[in-house]
Amino acid sequence: MHPVLSRLRENIAGVVFGHAAGIDRVICCLLARGHVLIEDVPGVGKTLLATALARSIDCSFSRIQLTPDLLPSDILGVTIFDKASGEFTFKRGPLFANVVVADEVNRTPPRTQSALLEAMSEATVSVDGRVLTLEQPFMVVATQNPFEFEGTYPLPESQLDRFLMRINLGYPDAASEARVLEVRPSNKPLHNLGPVLHKEDVLSMHQAVDAIKIDRSLIDYIVMLANASRRHPRLVHGLSPRGTLALSQAARAWAYMAGREYVTPDDIVGLWLPVCAHRVVVKHGGGGGMGSGGHDDATRILREVLESVSGPL
């Protein structure tokens, strides 16, 4: 792995114990200019991982605690009248940051959820007839609990599709959980976490990821996987062209993390589920990307799709 990325991984792993795979996937999303949705039960470290990533980069950072009474203006900003100047001025909201942690995104109603859509898709915000461009890098790290928990709203498919990956952390192993009990309560390591990357480093790595080569045979492989998902009898909607673009870009980022200048079939196979499972819709029970049950069904179906398509040698 690139030395800079090794420092980033070690910095995050110093406070997030037992979730190495989750750390790597979040870093991959950062390199691929993508947003990430971390879904799991309360208390396994979703917010900790999101905040640790944000604190590890020397750039602007905001955290939004999403609640049922939150309005779109609470995250976008508001226009107020300045008595001193006699003019209306726009006060930017917490969305105007390089790394935005949207905590418990499915606890806020759809109207506020949709306010994130343009920003995540276009890196712009429309306010009072103006289109404001968000500063790069721009990344949303959202967390959510399974929607079966009380007081949550399922994310619409249109917004789920804006996340490059949807990942689950799971419970840590016994050794990692014991380390949590020993270290975190006394030393408060998150408050002492300092940045190991500059904003310019991230922008430079974005360009390096874009230069990673992906062979035509691998492009054809991604298209075949997408077409197989569209033909699957248990899916209402298979992988969209936006999904294939996301998978190819994530594969480039994963190859860069591995220190390679080219994508391999294993990069695509390893990212197939976290990139694609929330983008398909299962026939029975509604959306495959909505809630843990549908997501589990989508995961099983996409595993079948992956096994049905032969990868390039």
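Structural remarks
- Any helices (runs of 4 or more DSSP H) falling wholly within segment 211-313 and containing at least 1 residues that are acidic (Asp, Glu) and closer than 16 Å to residue 164 by Cα: 265-276
- Selected residue (criterion: surrounded by the most Cβ atoms within 10 Å (Cβ to Cβ)) from residues of segment 262-292 that are at pLDDT below 95 and of a type in the set (D, E, K, R): 279
- Qualifying positions in segment 94-121 - at pLDDT 90 or above and touching a Gly at 6+ places or on another chain (Cβ under 9 Å): 94, 95, 96
- Identity of the residue in segment 1-18, modelled with pLDDT of 90 or more and surrounded by 23 or more Cβ atoms within 10 Å (Cβ to Cβ), that ends up farthest from residue 169 (Cα to Cα): 8
- The residue pairs whose first member lies in segment 211-235 and is over 16 Å from residue 279 (Cα atoms), whose second member is among the charged types (D, E, K, R), and whose beta carbons are closer than 7 Å, counting only pairs six or more residues apart or on different chains, are 212/252; 212/261; 213/261; 214/252.
- Residue in segment 90-106 that is buried (at least 22 other Cβ atoms within 10 Å of the Cβ), out of contact with any Phe, Trp or Tyr (no Cβ under 8 Å at 6 or more places or on another chain), without any contact (Cβ under 8 Å) to a residue 40 or more places away in the chain and not in a strand (DSSP E or B) present: yes
- Of the strands (runs of 3 or more DSSP E) that lie entirely inside segment 1-88, those containing 2 or more residues that are in contact with an Asp or Glu (Cβ under 9 Å, 6 or more places away or on another chain) span 61-65, 77-82.
- With respect to the conditions (1) at pLDDT below 90; (2) hydrophobic (A, V, I, L, M, F, W, C); (3) over 16 Å from the mean Cα position of the chain (by Cα), residue 75 lacks only one, and its number is (1).
The values are calculated or read from the model by the stated rules, or taken from the named source; none is laboratory data. Owing to the predicted nature of the structure, the values given are computational and were not obtained by experimental measurement. Virtual Cβ from ideal backbone geometry, glycine too; neighbours counted across all protein chains shown.
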